[in-house]
Structures are given as C-alpha cells and as structure tokens.
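Heads up, the thing below is written out as structure tokens.
No value in this document is a laboratory result; all are computed from the given coordinates. It should be emphasised that the depicted structure is a prediction, and the values quoted were computed from it without experimental measurement. Methodologically, a virtual Cβ is constructed for each residue, glycine included, from the backbone with ideal geometry; neighbour enumeration extends over all protein chains shown.
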Amino acid sequence: MRVAMLQGPRSIEIVDHPEPVVHPGSVVVEIDRCGIGGPDVEAFRTGQLPAPAWFGHEWVGRVVAIGPGVAGRFEGERVVGAVPPPCGTCRPCTAGISSTCELVLSMIVGTDPLASNHGAFAERIGVDARRVHRVPEGIDDANAALAEPAAVAAHAVRRSNQTLGDGVVVIGAGTIGILIAELARLAGAGHVVAVDVQAARRELACALGADAAFGPGPEVSRWFNDHGHGLGADIVYECSGGSDASQTALGAVRQGGTIVVVSLAAQTGSLVPADLVARELTVRASLGYSVTDVHRALDLMADDRFRVSAIQDRTVGLDELQTAFEGLVGDPSLSRKILVSPQL
Ligand SMILES: [Zn+2]
C-alpha cells in the first residue's frame, strides 16, 4: 500500500509499505480522509516529529480488520481516530487524576505500544482499538475528518467555564481558533471577537460569525469599551503562540476575567505575576482533548449546529501532498483545512 513518509525538512516520499496487520487489541482502518493540521505543517518545515505516527493524525476511515480481544467494533464501521478513555491503571489514573492519563497522552503523540510506524497519510493504518470512535449518522467523511481539531476546540471551551452572555476574544484565527469561536457562540457567548495578524483569517472569522476581527494590539480592547459595558472580555482564548499574544490577551481581558492558553508555542512571553494578581485574573491551560470532547464535538456536528465544513478548502491525493505542504509553509495566511484522500 502507499504511505507518505516525512523524510526530512520539506521532504515527503510516497513509499510502497507492507500492509498493516492486526495485533491483540488493535484494528486496521482504511483511511478515507486525513486533514493536514498545523503540527503537520510545522513537522514538514522542520523535518522533526515526536513519533512517525503523528504525521497525519486527523482522520476518518472504515474498519477493515479486527484483532483478537477487540469488542464492540465491526468491519465496515466508520470511525475517527482520537484518544482512548483514561486507562485507569497508570500513576495519574490510580491517583484519581485521569485527565492526565499517561496512555491518553502517549496516544495523542503516537508513542503508544500499538502505534504504527507511519501516520494516516496512508491507504490503511493499524491502531489501538481504544483509539477509534464511531462516526454518528449525518456527518460526511470530509466533516468527520475534522473531529480531532473540533475536539481540541471543544476541550478549550469546556475548560474555560464560559457562561451565558460572556464576551469572548479568540487570539489566532487558524483552524483551532475558528472552531473555538464557533463553539464559544454555541456555548452561549455574547460577543465573539477574533484577533489575527492575517487579513484573510480575520475575514474568514467574520464570515463565520465573529462580531469583529482585529490585528494584534489595543483595537480589541477599545472595541470592548464600546460593546462590553466598558469592562473588556470575560474569556480570552490564546491560540496564536505569537510573541505579542500575552500583551493582547492582558489588554483585552476584564478585571477578574479568564485567559485560556491553547497554543503550545514555546516563545518567551511577557506575562508577569503582578499583571495577573493585580487584576485577579485566572489562567487556564487547555491541552489536547478527552474522549468526552470527541463525543460532544461529533454530536454537535451530527445535527449541523457545529458547522465545521466552512473551514474546508479542498481534498488532494497522496501525489499532491508535497505540493500542498509547500503551499501551506509558504502562505501562513491559509486557514482553511486541506484534506488528503489516500484512495484518490
Ligand atoms: Zn491512565
């Protein structure tokens, strides 16, 4: 079968790979669509991956083989790849802190014992059966391929403790930021405002229902002076990783408000304790997602309340993957999602 392997910086090779086989506790899935995510683009740019299975991890497909000991799955079942329920036996789980389950974290990055030596830019992939989740009726393959980033967005909104009518700012209007803006509205936000350096992303955010969109800087806090009873935003989601993002967040959030950090960027910011203490701000981190977030996101997608299709761009085959990645590295303003169909 054909598999796209990342061979180094900006180098993808389509290789003839042996077919995956089932092991106890695993299934083989034929991939229908796999989304190209921001981490994939970064891996393509640098040639660095936490694990080979991570290159292409937003996928939907059909179960084609089931290993010994796997219950509740059937051949032909349409599934998405995501994280399993907490294992219940690792150190955090046995201490009652299952939100940091070591098995879940290992599956997020593709280092679990049953992880494949390639990602889902492939015709088929073998995975731990606990990682697959049935796709409800009413979600087509192209939308189902967005279940993983949708779950990341759902996790952030659920972590925020957002309540009815809250004013929300989303910094960074890429895929995750756009999906968070949509879900924040579904969760009852009053105003939703996006901040992004790229004009194309600001336009997309407004087209998808944001009240306004600005570049980084003081404009967003001025907007809330006019529209938020002069108080600023109740919740700020930081999804950009930009070096000036913490200043924009502090400028936008109200006294006693909450900043939810979603970005995994490692840049040194300028967040100092006094800024938080003097205004009694809450900072919450949102890492990945849980199986609950996957189910909630899929359910909201199934009855068309959560419209992820608006962020899709196009579907390409494996032979076009190198060119698609080159385009994404060359133009960071692209915020719509490119999907890959290995069967094309
Ligand atoms: Zn565990």
Original post:
Which value at 222 nm does the chain reach when only helices count, each DSSP H run of 4 or more adding -39,500 (n - 2.57), with the total divided by all residues and rounded to the nearest 500 deg cm²/dmol?
Top reply: -8500 deg cm²/dmol
Original post:
Å³ per residue of the Cα convex hull, for region 93-134?
Top reply: 93 Å³
**OP:** Select from region 82-160 those GluC sites (Glu not before Pro) which occupy a DSSP coil region and have at most 11 other Cβ atoms within 10 Å, ordered by residue number.
**Re:** Glu137
Subject >> Computed E for Asn161/Glu19 - FRET, C-beta separation, R0 41 angstrom, nearest 0.05 >> reply: 0.30
**OP:** Calculate the translational D of the chain in whole µm² s⁻¹ from Stokes-Einstein, where the hydrodynamic radius comes from the Kirkwood formula applied to all Cα pairs, the temperature is 25 °C and the viscosity 0.890 mPa s.
**Re:** 119 µm²/s
**OP:** Work out the FRET efficiency for Arg305 and His227 from their Cβ-Cβ distance, taking R0 = 22 Å, and round it to the nearest 0.05.
**Re:** 0.35
Subject >> Counted charge near His191, where neighbours are those whose Cβ lies closer than 11 Å (Asp, Glu -1; Lys, Arg +1) >> reply: -3
**OP:** Treating each Cα of region 156-258 as an identical point scatterer and ignoring solvent, apply the Debye formula and state log10 I(q)/I(0) at q = 0.12, 0.13, 0.19, 0.25 Å⁻¹.
**Re:** -0.30, -0.35, -0.80, -1.50
Original post:
Taking a spot 7 Å from the Cα of Thr292 along the direction of its beta carbon, which residues of region 131-158 have an amide N less than 17 Å from it?
Top reply: 151-158
**OP:** Take every Cα pair under 8 Å in region 156-285 that's 6+ residues apart, average their separations, divide by the length, and report that relative contact order as a whole percent.
**Re:** 24 percent
Subject >> Cut-off 15 Å between beta-carbons: net charge of the residues surrounding Arg33, Lys and Arg +1, Asp and Glu -1 >> reply: -4
Subject >> Dimensionless Rg ratio for region 20-90, taking C-alpha atoms and the 2.2 N^0.38 Å reference >> reply: 1.28
**OP:** Rounded to the nearest Å, what's the spacing between the alpha carbon centres of region 29-101 and region 185-257? Just the number, please.
**Re:** 32 Å
Original post:
Over the chain, what is the relative contact order in whole percent, taking alpha-carbon pairs under 8 Å and six or more residues apart?
Top reply: 19 percent
